[in-house]
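The values are calculated or read from the model by the stated rules, or taken from the named source; none is laboratory data. Computed from a prediction, not measured in an experiment: that's the story for all the values here. Don't worry about glycine lacking a Cβ; one is built from the backbone with ideal geometry, like all the others, and counts go over all protein chains shown.
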């Protein structure tokens, strides 16, 4: 199995053996890989998180340690390292890393592939290699290193114009010590970073040559589909496989054990039908007769559960943030506003459902999967097979979307277990129905908010209670409310200058696996917070834009140790010093998006503009939705404007693309998408009843406005989603005077 046009490992080793310069980047900095014979004997040359190799043939090989699912990380990584190296873009080759902790974190979640410390580490690798090549050329010519400069794949002697290509310099460059702190380029010198660069995978994707998880094959491969328990926690009671085994192509029917609750990333269990083709496996599964044991979640019902969450949110919960005296401010308010908001379970529903191929031979396993986290896949497969982690190799294909679902490797484990049983490679295929009904739904949330206004219309108090099952319920028993990390997604880091703030996390049991989803708990939190701000603005008789800017207070860096949080507030894994909460950046995106959207313009009856702003994954996003409501409540969206301040922009085309996709996904969340349960079972089965936005309902115009600022890049893939739903709800209120506090909106 190889991905077309990716450099194969065997070929990489050949070039390495021929003599080349290998730069490794790890947590401890940059180093050169030495002692090549011993190095090869170790069996794997890729030690740290990201490697840069320049061969004597002049080819530059970059190993991508993150998964590509359309966000452009493979291209962006090459842009960053190649720019600092001064590489010739046509000589860059890409290799996808296998799952291994020596690469550092490989979990392609949390909008973390470039943001934070990753960006300077990648630049450092390219700069170190460039410096060593320049030193090698200077030594070759007997001139000072200050007299030479790397330019587009060669080193040039500036005074004479003579040059040497990188390939001719690597043998000498390897002899120089790796500079601890190489000089980085000035931004004005960038050739790739921040520029419009075509995706490295684009041609193969457009021509159908790209390999996704569903494309993966091995010689002699069998195909399996699995009938999973209909209710979380149930297991197989009886199986009648006689009809299934009569289906042409069906070879075996295998019962998989159910992982007890909480199941973590291990499989749900069920009955697998293994066949010579996907079609035969599906027909065989349809012919199965299976009964299931009882589950503690058999009575789970979304309607009743919503009522339970509502009751929980109306009572005091675990105190997580307290500033001032909210109770006193509410009781003495000139005006008090109370509102409750509901957001349902959501499915990640990537266009490509999960798929994996595995081959177990003795106590070793090799697998190929469309996974966001090959290290997790490796670890979970090893645990299921009871073999050392070092005996499992997980290769990564391209991903046809993911949104968090494919960081949970239960489907990879299924392939490995079935391969061991079949003593042959087995490909596990999940259908759309499997994914919707047996996945890791995004959490449901019910939120109760109270706010007070003084006689001048200023907000004096803010009470926020949330009842929402935690992701941690999937991994540990006895979890009854959101974790502090989940609460840091909008609630603990509320930026507004309000003197009295109180936040509480209320009890919420889980009745299904809970998984992360694009932007995680920011989605329901932003819906409640930005909707409530709009309600307060109208209660105060103020324009929502002006009200938000006033609520932000003076431009300042918010001291997160003084916001009244009971525990230190997480900052998406980064420090508050590197990525402070800056109200000036909030203000900037609000002012930019409202200016571009024509905020304040007069609109026909039944039309309105709605505004929302939210910070997540170190990025500030503001959205204005123009909504048009028909006589029968049909919602049309003539235009959406989204402004994003994600710090320094590495790959502008992909940033705009991800912002556009976030708007579409956010509108789906707001208007049509809902995953519900009845008798413990997921009601929806495919896109006919789990509705995502149709082309006819998409905005007629969608404008992305980038507001890059200094400092490190922030996240991009997720931050655009949270403000979309509240902006739409606020636009509908502006158009009709009717307030929507429950998702999906359906009709207005």
Review point. Could you count how many residues in region 367-380 are touching a helix residue (DSSP H, G or I) at 6+ places or on another chain (Cβ under 7 Å) and within 21 Å of residue 353 (Cβ to Cβ)?
Key: 9
Review point. Do we find a residue being assigned by TED's automatic domain parsing to the domain that holds residue 407, crowded, with 22+ Cβ neighbours inside 10 Å and over 20 Å from residue 354 (Cα atoms) anywhere in region 262-279?
Key: no
Review point. Hey, residue 481 hits all of (1) within 27 Å of residue 408 (Cα to Cα); (2) crowded, with 24+ Cβ neighbours inside 10 Å; (3) touching a strand residue (DSSP E or B) at 6+ places or on another chain (Cβ under 7 Å) but one; which does it fall short on?
Key: (2)
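Does region 433-440 contain any residue that is at positive phi and surrounded by fewer than 23 Cβ atoms within 10 Å (Cβ to Cβ)? Before you say what the answer is, go through the steps one by one.
To start, the set of residues in region 433-440 that are at positive phi comprises none.
Checking region 433-440: not a single residue is at positive phi and surrounded by fewer than 23 Cβ atoms within 10 Å (Cβ to Cβ).
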Study note, to complete from the structure: Those residues of region 626-663 that are under 30 Å from residue 710 (Cβ atoms) and outside any strand (DSSP E or B) come to a total of 18
Review point. Residue 668 fails exactly one of the following numbered conditions: (1) within 20 Å of the chain's Cα centre (by Cα); (2) outside the structural domain of residue 596 (by TED's automatic domain parsing). What is the number of that condition?
Key: (2)
Review point. Any chance region 515-525 includes a residue that's surrounded by fewer than 24 Cβ atoms within 10 Å (Cβ to Cβ), on the phi > 0 side of the Ramachandran plot and touching a residue at least 40 places away in the same chain (Cβ under 8 Å)?
Key: no
Study note, to complete from the structure: Reported set for region 381-390 where residues are out of contact with any helix residue (DSSP H, G or I) (no Cβ under 7 Å at 6 or more places or on another chain) and without any contact (Cβ under 8 Å) to a residue 60 or more places away in the chain is 386, 387, 390
Review point. Out of region 167-178, which residues are buried (at least 16 other Cβ atoms within 10 Å of the Cβ) and in a helix (DSSP H, G or I)?
Key: 167, 168, 170, 172, 173
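Filter region 282-299 down to the residues that are touching a strand residue (DSSP E or B) at 6+ places or on another chain (Cβ under 8 Å) and in a helix (DSSP H, G or I), then identify the one that is surrounded by the fewest Cβ atoms within 10 Å (Cβ to Cβ). If you could, list the steps in order and put the result at the bottom.
If we filter region 282-299 for residues that are touching a strand residue (DSSP E or B) at 6+ places or on another chain (Cβ under 8 Å), which is where we start, we get 282-285, 288-293.
Applying the additional criterion that residues be in a helix (DSSP H, G or I) yields 282-285.
Working: 282: 17, 283: 19, 284: 29, 285: 24.
Out of the qualifying residues, it is 282.
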Study note, to complete from the structure: Within region 557-582, residues touching a helix residue (DSSP H, G or I) at 6+ places or on another chain (Cβ under 7 Å) and either at pLDDT below 95 or closer than 14 Å to residue 646 by Cα (or both) come out as 581
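Residues are listed down the side, and each one gets a yes or a no for (1) at pLDDT 95 or above; (2) in a helix (DSSP H, G or I); (3) crowded, with 23+ Cβ neighbours inside 10 Å:
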| site | (1), (2), (3) |
| --- | --- |
| 121 | no, yes, no |
| 134 | yes, yes, yes |
| 143 | yes, no, no |
| 156 | yes, no, no |
| 180 | no, no, no |
| 188 | no, yes, no |
| 198 | no, no, no |
| 208 | no, no, no |
Review point. Out of all the residues in region 466-478, is one or more in a loop (DSSP other than H, G, I, E, B) and free of Cβ contacts under 8 Å to residues at least 12 places away in the same chain?
Key: yes
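Please state which one of 219, 229 is under 30 Å from residue 440 (Cα atoms) and not in a strand (DSSP E or B).
Numbers: 219 fails: under 30 Å from residue 440 (Cα atoms).
One residue alone meets the criteria, 229.
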Check your understanding: In region 114-134, which residue that is in contact with a helix residue (DSSP H, G or I) (Cβ under 6 Å, 6 or more places away or on another chain) and in contact (Cβ under 8 Å) with a residue 60 or more places away in the chain is nearest to residue 659 (Cα to Cα)?
Key -> 114
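On the basis of being touching a helix residue (DSSP H, G or I) at 6+ places or on another chain (Cβ under 7 Å) and at positive phi, does residue 68 make the cut? Steps first, please.
Values: touching a helix residue (DSSP H, G or I) at 6+ places or on another chain (Cβ under 7 Å): yes; at positive phi: no.
No, not satisfied.
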Review point. For region 494-512, what are the residues that are surrounded by 23 or more Cβ atoms within 10 Å (Cβ to Cβ) and either in a loop (DSSP other than H, G, I, E, B) or at pLDDT below 95 (or both)?
Key: 508, 510, 511, 512
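Results for (1) farther than 12 Å from residue 644 by Cα; (2) in the same structural domain as residue 118 (by TED's automatic domain parsing); (3) touching a helix residue (DSSP H, G or I) at 6+ places or on another chain (Cβ under 8 Å); (4) buried (at least 18 other Cβ atoms within 10 Å of the Cβ), shown as yes or no for each residue.
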{"position": "692", "(1), (2), (3), (4)": "yes, no, yes, no"}
{"position": "695", "(1), (2), (3), (4)": "yes, no, no, no"}
{"position": "698", "(1), (2), (3), (4)": "yes, no, yes, no"}
{"position": "704", "(1), (2), (3), (4)": "no, no, yes, yes"}
{"position": "717", "(1), (2), (3), (4)": "no, no, yes, yes"}
{"position": "726", "(1), (2), (3), (4)": "yes, no, yes, yes"}
{"position": "730", "(1), (2), (3), (4)": "yes, no, yes, yes"}
{"position": "748", "(1), (2), (3), (4)": "yes, no, yes, yes"}
Practice item. Considering each residue of region 356-380, count those that are in contact (Cβ under 8 Å) with a residue 24 or more places away in the chain and within 23 Å of the chain's Cα centre (by Cα), and give that number. Key: 14
Point to revise | Single residue of region 547-594 satisfying the filter (free of Cβ contacts under 8 Å to residues at least 40 places away in the same chain and surrounded by fewer than 14 Cβ atoms within 10 Å (Cβ to Cβ)) that is nearest to the chain's Cα centre (by Cα) | key: 575
